[in-house]
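Enquirer: My questions will all concern the structure given below.
Nothing in this text is a laboratory measurement; each read-out follows from the coordinates by a stated rule. The structure displayed is predicted, hence computed values, not measured ones. Cβ coordinates were reconstructed from backbone atoms using ideal geometry, including for glycine residues, and neighbour counts include every protein chain displayed.
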Amino acid sequence: MARSVIDDNRRMLRARDAMDRDFALPLDLAKLASVAAVSEAHFIRSFKATFGETPHRYLQRRRIERAMYLLRTTDRSVTDICMEVGFSSLGTFSRTFTAIVGESPSQFRVHGPAPHAPTSFVPSCFVKAWARPSSFREAS
Amino acid sequence: MYNAITRSQLFVLDQDEALDFYVNKLGLEVSADLDLGFMRWLTVCVPGDPAREILLEKPGPPALDDVTAAQVRELVSKGAMGGWLCITTDDAQATFETLKNRGVDITDEPSPKPYGIDFGIRDPFGNAIRIGQMF
């Protein structure tokens with residue numbers, strides 16, 4: 001029993017790592033479930049049990065976090081950034097970004113809250129883990 | 001007041017598997033591997049640098065009760081135990097290729113950051129390791 005929880009956790013972590021790494025690619029459930037080497041139904045259920053949010057929300061918010069980062073640190077166009085972080089439609093990107101962040105990508109670029117201190121020395125995995133807008137405490 | 005941080009600890013779920021990973025795959029060396037009777041004292045270090053050792057500790061009784069040890073194992077396996085190492089190298093790309101060929105779990109490939117070129121891996125249990133060629 002305990003052994004299988006640990007084995008399952010490790011599989012889910014491998015899929016979450018894949019989202020953190022390959023968010024720019026068209027990752028679908030079939031692909032992620034295959035990274036975890038489990039069925040799609042098991043993957044959705046088990047990922048949520050392990051990490052507290054669905055894989056869809058995790059990936060969506062990873063992409064938004066990367067977009068926030070690029071909006072803040074580059075002068076690339078919103079359309080460029082939208083494609084770069086794995087969205088294929090500017091409309092979906094803008095709508096999702098605004099729903100999660102509370103302002104549009106271009107408003108965020110100008111007005112959004114800046115970090116309290118420079119983050120350039122911080123290992124990127126910590127930035128990605130801590131700056132991602134999670135769906136915890138949200139109504140599902 | 002202090003001189004250096006000389007030892008720190010990571011929880012691992014199997015010390016033989018940990019030894020194989022940290023030495024044969026990652027390329028660290030065993031600093032100590034002692035059967036103390038009550039525990040196996042297993043530490044690794046960067047080859048030639050025994051001044052900084054990492055204790056690879058297996059959670060279990062009597063140090064931890066069975067329920068707590070099970071919780072620790074679950075947290076390690078979901079990457080939530082906080083075990084983390086940051087190792088520097090002279091050549092991040094070459095180190096990455098070596099580790100990839102050895103079948104290590106890559107979490108992100110080498111890329112330039114403001115602080116250097118680095119990449120991420122996980123040990124077999126879920127602990128995160130970053131390897132960087134710092135500027």
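Enquirer: Can you give the angle from 0 to 90° between the axis of helix B:66-77 and the longest principal axis of chain B, with both taken from C-alpha atoms, to the nearest 10?
Expert: Here the helix axis deviates by roughly 10 degrees.
Enquirer: Given only helices, namely DSSP H runs of n ≥ 4 each adding -39500 (n - 2.57), what is the per-residue ellipticity at 222 nm of chain B, to the nearest 500 deg cm²/dmol?
Expert: Calculated at 222 nm, the ellipticity per residue is -5500 deg cm²/dmol.
Enquirer: Something else now. Give me the net charge of A:F51's neighbourhood, meaning all other residues with Cβ under 11 Å from the Cβ of A:F51; Lys, Arg count +1, Asp, Glu -1.
Expert: That works out to +3.
Enquirer: Let me ask something additional. Using alpha carbon centroids, what distance separates the range B:1-66 and the range A:106-122, in Å?
Expert: Cα centroid to Cα centroid, the span is 39 Å.
Enquirer: Right, next: I need the Kirkwood Rh of the range B:1-105: take the reciprocal of the average 1/r across all distinct C-alpha pairs and report it in angstrom.
Expert: In the range B:1-105 this quantity evaluates to 15.1 Å.
Enquirer: Three principal axis extents, largest first, for the C-alpha atoms of the protein assembly as shown, in Å?
Expert: Result, largest extent first: 63, 45, 40 Å.
Enquirer: Please compute, for peptide A:123-129, the average count of beta-carbon atoms on other protein chains lying within 10 Å of each residue's beta-carbon.
Expert: Details: counts 10, 10, 9, 3, 1, 2, 2.
Counting other chains' Cβ atoms within 10 Å and averaging over A:123-129 gives 5.
Enquirer: For B:D118, what charge total do you get from the other residues with a beta carbon under 14 Å from its beta carbon, if Lys and Arg give +1 and Asp and Glu give -1?
Expert: Taking every Cβ under 14 Å from that of B:D118, the sum is 0.
Enquirer: Regarding chain A, what whole-number volume in Å³ per residue does the convex hull of its Cα atoms give? Intermediate values should be presented prior to the final figure.
Expert: On the way: hull volume 17.7 nm³, N = 140.
Cα convex hull per residue, to the nearest whole number: 126 Å³.
Enquirer: While we're looking at this one, here's another question. Angle between the Cα long axis of helix A:90-101 and the longest principal axis of chain A, 0 to 90 degrees, nearest 10?
Expert: Compared with the principal axis, the helix lies near 80 degrees.
Enquirer: Determine the sum of side-chain charges near B:S8: Lys and Arg each +1, Asp and Glu each -1, restricted to other residues whose C-beta is under 10 angstrom from that of B:S8.
Expert: Numbers: positive: B:R7, B:R52; negative: B:E53.
That sum, taken over residues with Cβ under 10 Å, equals +1.
Enquirer: Here's a follow-up. When ranked by the protection proxy of mean other Cβ atoms within 10 Å per residue, highest first, what sequence do the peptides A:85-97, A:105-117, B:119-131, B:70-82 form?
Expert: Going by the mean number of other Cβ atoms within 10 Å, highest first, we get B:119-131, B:70-82, A:85-97, A:105-117.
Enquirer: Using Cα atoms only, what is the angle between the long axis of helix A:2-22 and the major principal axis of chain A, expressed in degrees (0 to 90) to the nearest 10?
Expert: The two axes meet at around 30 degrees.
Enquirer: Going through the cross-link list A:K48/B:K78; A:K128/B:K78; A:K48/B:K100; A:K128/B:K113; A:K128/B:K25, which pairs have a Cα-Cα distance over 21 Å in this structure? Before the final figure, lay out each step's value.
Expert: Working: A:K48/B:K78 12 Å; A:K128/B:K78 16 Å; A:K48/B:K100 29 Å; A:K128/B:K113 13 Å; A:K128/B:K25 26 Å.
Violating the 21 Å limit, Cα to Cα: A:K48/B:K100; A:K128/B:K25.
Enquirer: When B:C45, A:C82 are ordered from fewest to most other Cβ atoms inside 10 Å of their Cβ, what list results?
Expert: Fewest-to-most Cβ neighbours within 10 Å comes out as B:C45, A:C82.
Enquirer: OK, next. Can you compute the FRET efficiency between B:S8 and A:R95 using 1/(1 + (r/R0)^6), with r the Cβ-Cβ distance and R0 = 45 Å? Round to the nearest 0.05.
Expert: Computed FRET efficiency for B:S8 and A:R95 comes out at 0.50.
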